[in-house]
Amino acid sequence: MSVVIAVGIALGAVGCSGTPAASCAIPTMELHESSLHPGGVVQLQVDAVWETCEDTGGTSRAASDVTVVVTPSPDGEEVLLGRPTPQGSLSTVDESFDLPADLPVGPAVLALHTHSGDLIDAELPITITAPPAT
């Protein structure tokens, strides 16, 4: 199962002309086959993770400060899963992240955030299920 969403992005005034261009594609977040339970693994792909997006003649750069977090609904405390580095011509994050063994079961939000340049906050609601019986 794959889930794809278009992501809201907070863009600064510098760099983007406001018209669609291949270099300034809207980020998309895709959840690949994952084990969404405590101690499981989440496989995430996010394209267009830019530090700065230049569709007016400059050079777009991959984001340099990226975090992937999960926030369980019961306590609302963000849990850092990793600090990936976007790769390739589309500045893509395509990685697997281990979920903590003590992650509460129930609704949660999986998110990718950038912390510099053109800010990106990509969020995807997920459900953490009980681990399979062993």
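The values are calculated or read from the model by the stated rules, or taken from the named source; none is laboratory data. All values reported here derive from a predicted model rather than from experimental measurement. Cβ coordinates were reconstructed from backbone atoms using ideal geometry, including for glycine residues, and neighbour counts include every protein chain displayed. For accessibility, only protein heavy atoms count, side chains too; no ligands or nucleic acids. Shrake-Rupley method; radii C 1.70, N 1.55, O 1.52, S 1.80 Å.
List of remarks:
- Any hit, the stretch 100-113, residues being modelled with pLDDT of 90 or more, part of a strand (DSSP E or B) and of a type in the set (Asp, Glu): no
- Members of the stretch 55-75 that are open to solvent by less than 40 Å² (accessible area, probe 1.4 Å) and either charged (D, E, K, R) or in contact with a Pro (Cβ under 7 Å, 6 or more places away or on another chain) (or both): Asp55, Ala63, Val66, Val68, Pro72
- Once the stretch 76-91 is narrowed to residues that are open to solvent by less than 50 Å² (accessible area, probe 1.4 Å) and of a type in the set (A, V, I, L, M), the residue that is nearest to the chain's Cα centre (by Cα) is Leu81.
- Enumeration of residues in the stretch 21-54 that are open to solvent by 40 Å² or more (accessible area, probe 1.4 Å), among the hydrophobic types (A, V, I, L, M, F, W, C) and under 16 Å from Val69 (Cβ atoms): Val41
- Options Ala25, Ala13, Ala6, Ala21; residue that is at pLDDT 50 or above and not polar (S, T, N, Q): Ala25
- Residue that is in contact with a helix residue (DSSP H, G or I) (Cβ under 8 Å, 6 or more places away or on another chain) and free of Cβ contacts under 8 Å to residues at least 60 places away in the same chain, where the choices are Ser60, Ser91, Ser64: Ser60
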